[in-house]
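Q: Here it is: the structure, laid out below.
The values are calculated or read from the model by the stated rules, or taken from the named source; none is laboratory data. Just so you know, these numbers come straight off a predicted model, no measurement behind them. FYI the Cβ positions are ideal-geometry reconstructions off the backbone, even for glycines, and counts take in every protein chain you see. In case anyone asks, the SASA skips ligands and DNA or RNA and just uses the protein heavy atoms, side chains included. Shrake-Rupley method; radii C 1.70, N 1.55, O 1.52, S 1.80 Å.
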Amino acid sequence: MKSLSVIIPCYNEESVIETAYGRIKTILDSLHLVSSQILFINDGSKDKTPDILSDIAKKDLSVRVINFSRNFGHQAAVTAGIHHCTTDFAVIIDADLQDPPELIPELLAKQEEEQANVVYCVRKKRIGESKFKLWTAKKFYRTLNKISEVDFPLDTGDFRLIDSQIIEQFKRFKERGKYIRGLISWVGFKQVPFYYEREARFAGETKYPLKKMVSFATTALFYFSKKPLLMATGLGFITVVVGIVMALWYLFGKIFGYTNAESGWTSIMIIVIFFGGIQLLTIGVLGQYIGILFDEVKERPEYIVKDFING
Ligand code: UDP
Ligand code: MG
């Protein structure tokens, strides 16, 4: 006998909320759980999402809603969901029904069978996504895996089942920039994959424009890897070696008269541009980490809750 929360981040999802609630509710009712709750996090939606959620919560007391004061982003919404979770298990799922709620019983069965702390869902196939998204996602997960200090499962989103041990450990994370799927991998314990086919969005449009995708990928990269700094050092090292060789070449050329130094405008321009570029690039890499430090030391809250419905 278990208790389960379903955590659903929502941002402008008026066209899918009702259907998502209906499908998830049906599934939860069919399971023999001690208690279950559906936890919607309204991430500052500007459409009818908050009204729909409050109507649902009025009729169904097992539905809890956390309303944010503004849009804080998908990862902050999921974080709030986990922070407010008090059940034995939680499933994190998107509102748009790309991750079929009908798989929840299978996730629970898998957990029981393997006595796992995490059952993470690996996408065998993704339907209804643009070629660009599929390609960037594929490259992103593989590159991140190569350069990060943690071994992340590939093609895995936040759709997963986690148990109370993971939930408790997650609550200890103090960092504001959260790459949740990475952090859960990092925690350890027993984590097992579950393969599924990701469906197309039920309705509405993606809430992840390019800007949010880039910021998401940047957080993952810079919070989980110091390799960019090492690469900057490596680049610096190579250019120093090249510089020394060139300096010696020209010096000896001047002494022994095998270079014609006066006609060197092109080579100087190339060198200035090349080294200028490398310097700006490495300063940029440093800047990313300093920016993260800046954000983290401010210790601002990750999200601000406007109000709760049903506790
Ligand atoms: N989402 C959110 N805040 C945001 C952006 C997205 O809570 O700022 C939610 C969104 O409502 C959905 C989930 O995060 O439940 C995933 O977003 P979406 O389906 O748009 O992303 P995609 O599947 O296109 O990557
Ligand atoms: Mg989606």
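Q: When only DSSP loop residues count, what trypsin sites (Lys or Arg not before Pro) in the range 4-74 have their Cβ near at most 12 other Cβ atoms within 10 Å?
A: Filter output for the range 4-74: Lys46, Arg70.
Q: A further question follows. Give me the lysines in straight-line cross-link reach of Lys298: C-alpha distance below 26 Å, same-chain residues under 8 apart excluded.
A: Lys171, Lys174, Lys178, Lys211, Lys212, Lys226, Lys227, Lys306
Q: With the calculation restricted to Cα positions, what are the radius of gyration and Dmax of the range 64-110 in angstrom?
A: 12.4, 37
Q: How big is the charge dipole of the range 220-311 about its Cα centre, in debye rounded to the nearest 20, if each Lys and Arg gets +1 on its Cβ and each Asp and Glu gets -1 on its Cβ?
A: 200
Q: A further question on this structure: Which FRET efficiency value, to the nearest 0.05, do you get for Thr86 and Val241 by plugging their Cβ-Cβ distance into 1/(1 + (r/R0)^6) with R0 = 51 Å?
A: The computed FRET efficiency comes out at 0.30.
Q: Which values of log₁₀ I(q)/I(0), to two decimal places, follow from the Debye formula for the chain at q = 0.06, 0.11, 0.16 Å⁻¹ with a uniform point scatterer at every Cα?
A: Scattering profile of the chain, log10 relative to I(0): -0.28, -0.72, -1.38.
Q: Let me ask something additional. Please compute the alpha carbon radius of gyration of the range 8-145, then divide it by the globular-protein estimate 2.2 N^0.38 Å. Two decimals is fine.
A: The value comes to 1.11.
Q: Under 8 Å for C-alpha pairs, at least 6 residues apart: give me the relative contact order for the chain, rounded to a whole percent.
A: In percent, rounded to a whole number, it is 23.
Q: To the nearest 20 debye, what charge dipole does the chain have about its Cα centre, counting +1 at the Cβ of each Lys and Arg and -1 at the Cβ of each Asp and Glu?
A: Value, rounded to 20: 820 debye.
Q: Which aspartates and glutamates, on any chain, are close to Lys125 with Cα under 16 Å apart, when same-chain ones fewer than 8 places away are left out?
A: Within the straight-line limit of under 16 Å, Lys125 reaches these aspartates and glutamates: Asp99, Asp155, Asp158, Glu197, Glu199.
Q: Would you list which lysines come within 23 Å of Lys25, measuring only between C-alpha atoms, while excluding same-chain residues fewer than 8 positions from it?
A: Result set, ordered by chain and number: Lys2, Lys48, Lys58, Lys59, Lys110.
Q: For the range 71-172, what's the relative contact order in percent, using C-alpha pairs closer than 8 Å and at least 6 residues apart? Numbers along the way, then the final one.
A: On the way: 85 pairs, mean separation 45.9, N = 102.
Computed value for the range 71-172: 45 percent relative contact order.
Q: Within the range 87-188, what whole-number % of the accessible surface is contributed by carbon and sulfur, with the 1.4 Å probe and all protein chains included in the calculation?
A: So the carbon and sulfur contribution to the accessible surface is 51 percent.
Q: So if R0 is 51 Å, what FRET efficiency would Val192 and Ile278 give, r being the distance between their Cβ atoms, rounded to the nearest 0.05?
A: For Val192 and Ile278, the calculated efficiency is 0.70.
Q: Along the Cα→Cβ direction, 7 angstrom out, place labels at Lys174 and Lys58. What is the inter-label distance in nm?
A: Those two pseudo-labels are separated by 4.3 nm.
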